[in-house]
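The values are calculated or read from the model by the stated rules, or taken from the named source; none is laboratory data. Everything quoted here is computed from the prediction, not taken from an experiment. Here Cβ is always computed from backbone atoms with ideal geometry, including for glycine, and neighbour counts include all displayed protein chains.
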Amino acid sequence: MSLDKAIGAGSVRLSKKITRFINHQLKPYQITTEQWSVLRTLSESDQITQKELSERADKDQATLTKILDLLEKHLLIERVPNPNDRRSFLIAITSKGKRLSQEVAPYLNDIYKKLIRSIDEEKLTIYQEVMLSLEKQIDILFQEQNN
């Protein structure tokens, strides 16, 4: 089997499957995994610039803008004038967003526990180490290409 199929396609397939499953679990909360990742990031660091949020949530600016528009429509976040730059806004989680975050976080933690319950701790640790190694190597390769 080629590395493209074993690593590339396998990683994409797993990522899509996890996303579909988690999206299904999040339906009662009326948010998606994409929206959740932004809301969770904001719950960890309130009132940050959109650029900072983009980096922390690992979302490109165009995608993030669409997600923020939806979260704002549902009153989960708000754009607050930036006191240091009148041309920009800070993104803040609302009290409704905080409540939702506090409800969803433990729920998803339980879902992930069920997801990994048949994997022993040693294998899970190796899996996490391999993912981190791949991420680091991708960052290195990107840096090499951009220099």
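For ILE67, state whether it is among the β-branched types (Val, Ile, Thr) and surrounded by fewer than 13 Cβ atoms within 10 Å (Cβ to Cβ). Let's see the steps before the verdict.
Values: among the β-branched types (Val, Ile, Thr): yes; surrounded by fewer than 13 Cβ atoms within 10 Å (Cβ to Cβ): no.
The answer is no for ILE67.
Do we have any residue at all in the range 52-69 that's modelled with pLDDT of 95 or more, among the hydrophobic types (A, V, I, L, M, F, W, C) and more than 15 Å from the chain's Cα centre (by Cα)?
no
Restricting to the range 89-108, count the residues that are farther than 17 Å from GLN25 by Cβ and either surrounded by fewer than 19 Cβ atoms within 10 Å (Cβ to Cβ) or without any contact (Cβ under 8 Å) to a residue 40 or more places away in the chain (or both).
Keep residues of the range 89-108 that are farther than 17 Å from GLN25 by Cβ, which gives 89-99.
Then drop every residue that is not either surrounded by fewer than 19 Cβ atoms within 10 Å (Cβ to Cβ) or without any contact (Cβ under 8 Å) to a residue 40 or more places away in the chain (or both), which leaves 89, 92, 94-96, 98-99.
Selection size over the range 89-108: 7.
Given LYS136, LYS113, which one is modelled with pLDDT of 95 or more and either in contact with a Leu (Cβ under 9 Å, 6 or more places away or on another chain) or exposed (fewer than 10 other Cβ atoms within 10 Å of the Cβ) (or both)? Walk me through how you get there before you give the answer.
Working: LYS136 fails: either in contact with a Leu (Cβ under 9 Å, 6 or more places away or on another chain) or exposed (fewer than 10 other Cβ atoms within 10 Å of the Cβ) (or both).
When all the criteria are applied, what remains is LYS113.
Of a type in the set (A, V, I, L, M, F, W, C) and touching a residue at least 60 places away in the same chain (Cβ under 8 Å): is that true of LEU39 in this structure? First the steps, then the outcome.
Values: of a type in the set (A, V, I, L, M, F, W, C): yes; touching a residue at least 60 places away in the same chain (Cβ under 8 Å): yes.
Answer is yes for this residue.
Select, from GLN35, GLN25, the only residue that is polar (S, T, N, Q), over 18 Å from GLU78 (Cβ atoms) and modelled with pLDDT of 95 or more. Reasoning before the result, please.
Numbers: GLN35 fails: over 18 Å from GLU78 (Cβ atoms).
Going through GLN35, GLN25 in turn, just one is polar (S, T, N, Q), over 18 Å from GLU78 (Cβ atoms) and modelled with pLDDT of 95 or more: GLN25.
Please give the number of the condition ILE111 fails out of (1) free of Cβ contacts under 8 Å to residues at least 12 places away in the same chain; (2) closer than 19 Å to SER15 by Cα.
Here ILE111 meets the rest and fails (1).
Quick check on this structure: which one of ILE48, ILE67, ILE22 is in contact with a helix residue (DSSP H, G or I) (Cβ under 8 Å, 6 or more places away or on another chain), of a type in the set (Val, Ile, Thr) and within 18 Å of MET131 (Cβ to Cβ)? Even if it seems obvious, please write down each step before you answer.
Working: ILE48 fails: within 18 Å of MET131 (Cβ to Cβ); ILE67 fails: within 18 Å of MET131 (Cβ to Cβ).
Step by step, each of ILE48, ILE67, ILE22 is checked, and only ILE22 is in contact with a helix residue (DSSP H, G or I) (Cβ under 8 Å, 6 or more places away or on another chain), of a type in the set (Val, Ile, Thr) and within 18 Å of MET131 (Cβ to Cβ).
For the subset of the range 1-41 comprising residues that are exposed (fewer than 12 other Cβ atoms within 10 Å of the Cβ) and among the aliphatic types (A, V, I, L, M), which member is farthest from TYR127 (Cα to Cα)?
Within the range 1-41, the subset exposed (fewer than 12 other Cβ atoms within 10 Å of the Cβ) is 1-6, 8, 12-17, 20, 24, 27-28, 30.
In the following step, the residues that additionally are among the aliphatic types (A, V, I, L, M) were identified as 1, 3, 6, 12, 14.
Working: MET1: 20, LEU3: 17, ALA6: 15, VAL12: 15, LEU14: 13 Å.
Per the criteria, the residue is MET1.
If you go through the range 70-88 one residue at a time, do you hit one that is closer than 26 Å to TYR112 by Cβ, surrounded by 10 or more Cβ atoms within 10 Å (Cβ to Cβ), touching a residue at least 24 places away in the same chain (Cβ under 8 Å) and among the hydroxyl-bearing types (Ser, Thr, Tyr)? Reasoning before the result, please.
Step one: list which residues in the range 70-88 are closer than 26 Å to TYR112 by Cβ, which gives 70-71, 74, 76-77.
Those left that are additionally surrounded by 10 or more Cβ atoms within 10 Å (Cβ to Cβ): 70-71, 74, 76-77.
Checking the rest, the ones that are also touching a residue at least 24 places away in the same chain (Cβ under 8 Å) come to 70-71, 74, 76-77.
Those left that are additionally among the hydroxyl-bearing types (Ser, Thr, Tyr): none.
Among the residues of the range 70-88, not one is closer than 26 Å to TYR112 by Cβ, surrounded by 10 or more Cβ atoms within 10 Å (Cβ to Cβ), touching a residue at least 24 places away in the same chain (Cβ under 8 Å) and among the hydroxyl-bearing types (Ser, Thr, Tyr), which makes the answer no.
Picking from THR65, THR94, THR125, which residue would you name as being closer than 20 Å to LEU14 by Cβ and β-branched (Val, Ile, Thr)?
Values: THR65 fails: closer than 20 Å to LEU14 by Cβ; THR94 fails: closer than 20 Å to LEU14 by Cβ.
The conditions single out THR125.
Hand me the list of helices (runs of 4 or more DSSP H) wholly inside the range 18-101 holding 2 or more residues that are of a type in the set (Gly, Ala, Ser). Give the steps one after another, and end with the answer.
Numbers: elements: 33-44, 50-57, 61-73.
In the range 18-101, 33-44, 50-57 are the helices (runs of 4 or more DSSP H) which contain 2 or more residues that are of a type in the set (Gly, Ala, Ser).
Going through GLU55, GLU144, GLU44, GLU129 one at a time, which residue ends up being of a type outside the set (Lys, Arg), exposed (fewer than 10 other Cβ atoms within 10 Å of the Cβ) and without any contact (Cβ under 8 Å) to a residue 60 or more places away in the chain? Give the steps one after another, and end with the answer.
Details: GLU55 fails: exposed (fewer than 10 other Cβ atoms within 10 Å of the Cβ); GLU44 fails: exposed (fewer than 10 other Cβ atoms within 10 Å of the Cβ); GLU129 fails: exposed (fewer than 10 other Cβ atoms within 10 Å of the Cβ).
None of the others qualify; the one that does is GLU144.
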